[in-house]
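S.K.: Can you keep this structure in mind? I'll have questions shortly.
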Amino acid sequence: MGTSKGLQSEGSEFTSTSRTTSFSAPMPAVPARLVWQINFRYVLKPGEYLHDIGESETLTSFTRRVCSMTVYGLFFDYATVISKDVKDSSIVCEQHGALNRYKDIRCLDKTRVIVPHTSGMHDYINANYVDGFREEKKFILTQSPMENTVESFWAMIYQENVVIIVAMTSLYRAKTFLYVPIKRSTTAIFGPYSIKFCGSQLIREAYEASVLKLRKGNGQERKILHICFYTWHEKGTPERPTEMLYLVSDINYNRKLFIDEAKKSGWLKDECSPVVVHCSTGAGRSGTLAVLDICCRKMDYTEKVPHGDILVDVRDTVLRVRTQRDKAVMKPEQYLLLHLLMIEYALRQKYYGDIDFIDLSNYTGAI
């Protein structure tokens, strides 16, 4: 096993990139990529995507259904959805219990990220690829790093050419191992990987965006954006739910910026750069973020189709994401949040021709 040295003083002055990096901006289109596997529940033909425009509700139908329901009705709907889970195998996960933060959060074999450890003893990390809308492997959902998994975490970041890490939890929680440097002029070293802090910005008092420089041994430095969304605690929903929509927009915008810069720097050859998302489990808040992005992208895509309906389907999207990351969207409150955010997003984007029928009084005070 490699040595984890933790934080060290770097001595030199840091350079803030806040003047040249825009952390808040409109959402760009996301390029599509080829389908990468056959999902055991959803058999995909060549060229098909797990998340596409088929089998979806129209926005109007979706909204009318949500307005006619109650909190408890949506909670019951959530119970129905998760009852349809297919228990795919997680054999490798079960063989490495000490590397799992929680015993009941399985890492599915068919989508797990294979990361060879420097010891040569295993290639396991509790992390799964999750497809985006018309984009394979857009996300990697993973548990919060632990002291005995942090080197594998950074090996995964390096191996998968990641440019954005999103922490859907505070870095200062008792259960959180500090895997990134957070102070000026400090570098964290885990095995052959060094991570240097280069500056940060506080965005709308909802999350902190930090620029890091990652290096393996004496190799080329890679610039990475680390986002810490600290206003959503382990229990409940975000302090300001609407910030989730801004967060998704900011992630997509900055992902494109950082990919373009990485290609210019020469260490990234194409657009293949998953967004790594973690909370404590890598399933609840992380899964909610992935579903939110997929549903927003579907609405954006179908809005541009001539003479077509705007489509959205939270229920089906949650079910599909759970085939790739076990227990994604873990709580009924997260399921409820997704439904209400879809309506807010459609209102914000002016996707409704008529809004007089929208009445969400059944959900007053729900989140």
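The values are calculated or read from the model by the stated rules, or taken from the named source; none is laboratory data. The structure presented is a predicted model; accordingly, all values stated were derived computationally and were not measured. Neighbour counts are summed over all protein chains in view; Cβ atoms, including those assigned to glycine, are modelled from backbone coordinates with ideal geometry.
S.K.: Please go through the stretch 274-296 and pick out each residue that is touching a strand residue (DSSP E or B) at 6+ places or on another chain (Cβ under 8 Å) and assigned to a loop (DSSP other than H, G, I, E, B).
M.R.: Once the filter is applied, which keeps residues that are touching a strand residue (DSSP E or B) at 6+ places or on another chain (Cβ under 8 Å) and assigned to a loop (DSSP other than H, G, I, E, B), the stretch 274-296 yields PRO274, CYS279, GLY282, ALA283.
S.K.: While we're looking at this one, here's another question. What do you reckon, is ASP300 farther than 21 Å from THR142 by Cα, out of contact with any helix residue (DSSP H, G or I) (no Cβ under 6 Å at 6 or more places or on another chain) and without any contact (Cβ under 8 Å) to a residue 60 or more places away in the chain?
M.R.: Considered against the rule, which asks whether it is farther than 21 Å from THR142 by Cα, out of contact with any helix residue (DSSP H, G or I) (no Cβ under 6 Å at 6 or more places or on another chain) and without any contact (Cβ under 8 Å) to a residue 60 or more places away in the chain, ASP300 comes out as no.
S.K.: Also, quick follow-up: What are the pairs with Cβ atoms under 6 angstrom where one residue, in the stretch 153-167, is in contact (Cβ under 8 Å) with a residue 60 or more places away in the chain and the other, located anywhere, is among the basic types (Lys, Arg) and crowded, with 19+ Cβ neighbours inside 10 Å? Sequence gap at least six, or different chains.
M.R.: Final answer for the pair search is ILE164/ARG255.
S.K.: Inside the stretch 258-288, can you point out the residues that are of a type in the set (Ser, Thr, Tyr) and buried (at least 16 other Cβ atoms within 10 Å of the Cβ)?
M.R.: SER273, SER280, THR281, SER286, THR288
S.K.: Against the condition part of a loop (DSSP other than H, G, I, E, B), of a type outside the set (Lys, Arg) and either more than 30 Å from ILE358 (Cα to Cα) or touching a helix residue (DSSP H, G or I) at 6+ places or on another chain (Cβ under 8 Å) (or both), how does ASP123 come out, does it pass?
M.R.: Answer is yes for this residue.
S.K.: Of all strands (runs of 3 or more DSSP E) completely enclosed by the stretch 168-269, which ones contain at least 2 residues that are touching a Cys at 6+ places or on another chain (Cβ under 6 Å)?
M.R.: 207-216
S.K.: Name the residues in the stretch 94-120 that are assigned to a loop (DSSP other than H, G, I, E, B) and small (Gly, Ala, Ser), would you?
M.R.: Across the stretch 94-120, the qualifying residues are SER119, GLY120.
S.K.: From the residues in the stretch 109-133 that are at pLDDT 95 or above and of a type in the set (A, V, I, L, M, F, W, C), which one is surrounded by the most Cβ atoms within 10 Å (Cβ to Cβ)?
M.R.: The qualifying residue surrounded by the most Cβ atoms within 10 Å (Cβ to Cβ) is VAL130.
S.K.: Which one of GLY287, GLY266, GLY282 is of a type in the set (Gly, Ala, Ser) and more than 16 Å from the chain's Cα centre (by Cα)?
M.R.: It is GLY266.
S.K.: Residues in the stretch 93-108 that are out of contact with any Ser or Thr (no Cβ under 8 Å at 6 or more places or on another chain) and either on the phi > 0 side of the Ramachandran plot or surrounded by fewer than 18 Cβ atoms within 10 Å (Cβ to Cβ) (or both): how many?
M.R.: 7
S.K.: If you take the residues of the stretch 313-328 that are closer than 17 Å to MET69 by Cβ and not acidic (Asp, Glu), which of them is surrounded by the fewest Cβ atoms within 10 Å (Cβ to Cβ)?
M.R.: Restricting to residues being closer than 17 Å to MET69 by Cβ and not acidic (Asp, Glu), the top hit is ARG315.
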